[in-house]
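The values are calculated or read from the model by the stated rules, or taken from the named source; none is laboratory data. These figures come from a predicted structure and were not determined experimentally. Cβ atoms come from the backbone with ideal geometry, glycine included; neighbour counts cover every protein chain shown. Ligands, DNA and RNA are stripped out before the accessible areas are found, and what is left, the full protein with its side chains, is counted by its heavy atoms. Shrake-Rupley method; radii C 1.70, N 1.55, O 1.52, S 1.80 Å.
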Amino acid sequence: MLLLIILAQKIKVAYPVLLVVAGLAISFVPGVPMLNMDPELIFIIFLPSLLYKATYSLTFTLLYQQYSKAKRRATVWNRGTPFCF
């Protein structure tokens with residue numbers, strides 16, 4: 001995990017993305033035991049820590065630059081979700 005974080009810093013990629021890709025790659029290796037986990041447990045344990053790290057490293061300048069795009073996307077997804085069901 002530490003090597004992946006160091007690699008992510010060198011290639012300037014968010015390390016949670018690299019960890020997910022590495023986890024996905026490990027899942028295709030034959031002989032690795034299968035881990036069954038409740039999906040709700042993932043949301044409770046892992047997602048908050050990933051979101052915290054992402055928001056902690058976010059600068060106000062970047063947030064201000066991306067505000068209009070984020071607001072537009074949130075509005076579209078929010079209004080479009082009821083039509084998906």
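Summary table
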item: Unit charges on C-beta of K, R, D, E only; dipole of the chain, Debye; result: 560
item: CD proxy at 222 nm, helix term only [per DSSP H run n ≥ 4: -39500 (n - 2.57); per residue of the chain; nearest 500]; result: -23500 deg cm²/dmol
item: Whole-percent carbon and sulfur share, accessible surface of the chain, 1.4 Å; result: 72
item: For the chain, the spread of Cα positions along each principal axis, largest first, Å; result: 46, 39, 20
item: Accessible area per residue, Å², the chain with all protein chains present, probe 1.4 Å; result: 96
item: Estimated distance in nm for a label pair at residue 69 and residue 34, the labels positioned 7 Å out from Cα along Cα-to-Cβ; result: 4.0
